[in-house]
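The values are calculated or read from the model by the stated rules, or taken from the named source; none is laboratory data. For clarity, every value in this text was computed on a predicted model and none was experimentally measured. Heads up, the Cβs are rebuilt from the backbone with ideal geometry, glycines too, and the neighbour counts pull from every protein chain shown.
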Amino acid sequence: MSEWDPQQYLKFKAERTQPAFDLASRIDIGAARALDIGCGPGNSTQVVANFFPYTEITGVDLSAAMVETARKEHPHLKFMQYDVSGPLEGLGGDYGLVFSNACLQWVPDHHTLLPRLMGLLCSGGLLAVQVPVNFKEPIHQIIEKTVELPQWREKILYHRSFYTLRPEEYFDLLAEISADFTMWETTYMHRLPSHQAIMDWYSSTGLRPYLDAAVDEEARKGFYEEVFRQVKEAYPVQKNGEIIFRFPRLFFTARAR
């Protein structure tokens with residue numbers, strides 16, 4: 001995949017930041033040190049800093065462009081580029097809080113990942129995670145079904161692997177590795193001004209790797225237009241001209257033993 005585009009991502013900063021705020025508001029511990037995994041352009045790290053102003057916070061992200069933007073936008077906070085799918089020793093340890101907002105869905109093998117993240121915590125520390133669970137939403141279904149059609153199969157050379165577990169699987173896993181845990185789900189009903197806004201939103205996240213994997217510019221444009229055509233059919237326009245963009249998200253917090 002090509003490098004993430006921070007500016008495209010930040011077009012919907014308020015909507016993307018709200019889940020981070022909602023997750024942070026459920027954290028009931030003080031922490032001397034905190035880690036924000038998948039910090040993106042730093043908006044989630046700033047949320048954590050606002051809730052815990054006396055905590056030393058480090059934001060980490062795989063994307064160099066995201067980390068560069070985070071440093072420019074939030075120069076008072078600490079950021080570093082890091083791949084959490086590999087060994088975590090470079091992140092240190094003894095954190096009171098490990099926070100992750102809309103990142104871990106891109107990281108494989110949660111059955112081993114979550115225990116490793118819990119291992120970064122001090123005794124009594126908290127792992128706080130939010131992941132999208134929008135598999136049944138129209139935009140998601142449109143992309144997945146379209147890329148499997150014969151006319152696109154050899155033009156879009158990408159088939160996404162989904163690493164997010166079912167809630168029941170997270171429940172069993174968290175019960176094994178934590179002293180206590182809490183889970184909940186929220187469906188956000190975002191108000192978007194147009195169908196184009198849905199495409200702009202997804203072009204920076206779920207649609208991005210498909211567009212990046214197109215064999216040429218013609219295929220890229222054609223796939224985009226085909227998805228766009230179906231999006232306009234799937235999402236009705238409200239009386240005031242806006243679109244309801246549903247986005248379910250799963251949250252959990254888990255306390256280290």
Whether any residue in the range 138-152 is surrounded by 12 or more Cβ atoms within 10 Å (Cβ to Cβ), aromatic (Phe, Trp, Tyr) and part of a loop (DSSP other than H, G, I, E, B) is what I want to check. no
Restricting attention to the range 185-216, which residues are free of Cβ contacts under 8 Å to residues at least 60 places away in the same chain and in contact with a Ser or Thr (Cβ under 9 Å, 6 or more places away or on another chain)? Leu211
Going residue by residue through the range 106-120, is there one that turns out to be more than 22 Å from Glu176 (Cβ to Cβ), modelled with pLDDT of 95 or more and small (Gly, Ala, Ser)? no
Please verify whether Tyr54 is more than 24 Å from Pro132 (Cα to Cα) and buried (at least 23 other Cβ atoms within 10 Å of the Cβ), treating the condition exactly as stated. no
Take the conditions part of a strand (DSSP E or B) and buried (at least 24 other Cβ atoms within 10 Å of the Cβ) and apply them to Gly59. Does it pass? yes
Whether any residue in the range 225-244 is within 22 Å of the chain's Cα centre (by Cα) and under 28 Å from Leu126 (Cα atoms) is what I want to check. no
Taking the criterion of being surrounded by 14 or more Cβ atoms within 10 Å (Cβ to Cβ), of a type outside the set (A, V, I, L, M, F, W, C), part of a loop (DSSP other than H, G, I, E, B) and touching a residue at least 40 places away in the same chain (Cβ under 8 Å), would at least one residue in the range 217-235 satisfy it? yes
Those residues of the range 104-131 which are out of contact with any Ser or Thr (no Cβ under 6 Å at 6 or more places or on another chain), among the small types (Gly, Ala, Ser) and either within 14 Å of Phe252 (Cα to Cα) or surrounded by 23 or more Cβ atoms within 10 Å (Cβ to Cβ) (or both), in sequence order: Gly125
